[in-house]
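The values are calculated or read from the model by the stated rules, or taken from the named source; none is laboratory data. The shown structure was predicted, so the numbers you read here are calculated from the model rather than taken from an experiment. Cβ sites come from the backbone with ideal geometry, for glycine too, and all protein chains shown count toward neighbours.
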Amino acid sequence: MSFLWNKDATLDARVLNYTAAEDYALDARLVGYDVTASIAHAEMLHGANLLEDADLAAVRAGLSALADEHSRGQWRIELADEDGHTALEKRLTQRIGAGAGRIHLGRSRNDQVLAALRLYLRDVIEELRARAAAVAAALDELGRREAATLLPGYTHMQQAMPSSVVLWAGGFAAQVRDDAEGLGLAHRRLAQNPLGSAAGYGTPGLPIDREATRSRLGFATTQAPVTAVQLSRGKGEAHLLFEITLLLQGLGRFATDVLLFYTQEFGFLSIADAFTTGSSIMPQKRNPDVFELIRGRSVTAQACLDEVLGLCAKLPSGYQRDLQLLKAPLFRGIDLALQTLAILPPAIGSIKFHPERIRLDSSIHAAEEANRLVVAEGIPFREAYRRVQEKLKR
Ligand code: ARG
């Protein structure tokens, strides 16, 4: 085995298994982003007269081809590669020869992984926001379809005031949109260029142009001083997972209402057969598993957030290998959010209300009646409240 950092091939295989662990698999989604950042870095080196024209051209063509072939499944990162960054450099070397060895000038995998992660997360946030918008639109559509359907509004799980499907679904839609704004806020910490910090202490002796990679990659600012970069790893991740948790908790509450309304005791709504599952023993059952799993998923998101927060707490400054472990909970939380947001529009579309089975308590208009008394007679609300209460006792 040979690595970028170990040409003597003395590494114990058990160490590779333990340290690379699942990293080589997790890095698959970062390959294209690592290539984008690597090309920007190579262009910067070229601009600083640290890379020849011919080498830049070979690096660009080689890395672009590798990214393309990876996306088409023509090669994979192997455990023996250790991680995606090494996998790319190895393959680039096989392809273009010694020129590949020139692009690691002025960088380290420590700033390289952050650049790739931040570019990936920028796309992820856009995708999450687009899917959240589709969920909100599906909730609006449910309100339109059920425009005439009244619902009891509950407090303490007791009928409180009249509500409607429009009002019920509209509240969730508004919250999903607000949570999507929150996802956007997570982008702020990620919009800082980590490149040029290298292992964490910059590039002494080299005229590295951090502004050049910043503008090429579309980062808003350059992160400074260089020692701040590794201190910030995990924070953008935590912020994003926090916003994901809020979003999924809200969707979980929606699912809980649906599950309650779907019980035989309520019977307010039905769910299309294609969106329910059967029981292996009870022939009559149609189970609302999709909504139960939407409810359950917010717990996993919260656990991912907790794992990310715990990994960074109490670390000393500078790069620590612990930071590699951030990727698993980060990707897990992102994937379950993407999947949950994707199943929701059709799941919401599968809901049909049964107005004939929805009974509003006769006393549900009591607060409204008291309000009307105040408006009509100018009496204090407390007096109106007492009068309506008296009337209800009779
Ligand atoms: N796969 C590593 C990570 O995600 C890349 C950085 C490795 N750096 C190192 N010095 N071993 O953190």
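The table that follows gives values for the structure above.
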quantity	calculated
Single unsatisfied condition, Met282 versus (1) under 28 Å from the mean Cα position of the chain (by Cα); (2) over 27 Å from Val165 (Cβ atoms)	(1)
Extreme residue, nearest to Ala42 (Cα to Cα), among residues of the stretch 64-94 that are within 12 Å of the ligand (Cβ to nearest atom) and not in a helix (DSSP H, G or I)	Asp83
Arg144 vs. criteria assigned to a helix (DSSP H, G or I), away from the ligand (no atom under 16 Å from the Cβ), out of contact with any Gly (no Cβ under 9 Å at 6 or more places or on another chain) and charged (D, E, K, R)	yes
Extreme residue, nearest to Arg216 (Cα to Cα), among residues of the stretch 15-54 that are among the charged types (D, E, K, R) and modelled with pLDDT under 95	Asp23
Positions within the stretch 35-63 being β-branched (Val, Ile, Thr) and either within 16 Å of the ligand (Cβ to nearest atom) or on the phi > 0 side of the Ramachandran plot (or both), in sequence order	Val35
Counted residues, the stretch 121-170 - those being closer than 19 Å to Thr340 by Cβ and among the small types (Gly, Ala, Ser)	8
Test: residue in the stretch 47-56 that is under 28 Å from the mean Cα position of the chain (by Cα) and either in a helix (DSSP H, G or I) or over 11 Å from Ile103 (Cα atoms) (or both)	no
Subset of the stretch 122-144 [β-branched (Val, Ile, Thr) and over 14 Å from Ala174 (Cα atoms)]	Val124, Ile125
Residue in the stretch 104-124 that is closer than 23 Å to Gly196 by Cα, crowded, with 19+ Cβ neighbours inside 10 Å, more than 16 Å from the ligand (Cβ to nearest atom) and not acidic (Asp, Glu) present	no
Evaluation of Arg131 against (1) charged (D, E, K, R); (2) within 16 Å of the ligand (Cβ to nearest atom); (3) assigned to a helix (DSSP H, G or I) (one fails), failing number	(2)
In the stretch 197-217, the residues that are more than 16 Å from the ligand (Cβ to nearest atom), in contact (Cβ under 8 Å) with a residue 12 or more places away in the chain and out of contact with any strand residue (DSSP E or B) (no Cβ under 8 Å at 6 or more places or on another chain)	Leu206, Pro207, Ile208, Asp209, Ala212, Arg216
The lone exception for Ala198 - which of (1) touching a Lys or Arg at 6+ places or on another chain (Cβ under 6 Å); (2) closer than 21 Å to Gly267 by Cβ; (3) of a type in the set (Gly, Ala, Ser) it fails	(2)
Failed item, numbered, when Ile208 is tested on (1) among the hydrophobic types (A, V, I, L, M, F, W, C); (2) assigned to a loop (DSSP other than H, G, I, E, B); (3) surrounded by fewer than 20 Cβ atoms within 10 Å (Cβ to Cβ)	(3)
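Residues are listed down the side, and each one gets a yes or a no for (1) hydrophobic (A, V, I, L, M, F, W, C); (2) in contact (Cβ under 8 Å) with a residue 12 or more places away in the chain; (3) out of contact with any Pro (no Cβ under 6 Å at 6 or more places or on another chain):
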residue	(1), (2), (3)
Asp322	no, no, yes
Leu325	yes, yes, yes
Leu341	yes, yes, yes
Lys352	no, yes, yes
Leu360	yes, yes, no
Ala376	yes, no, yes
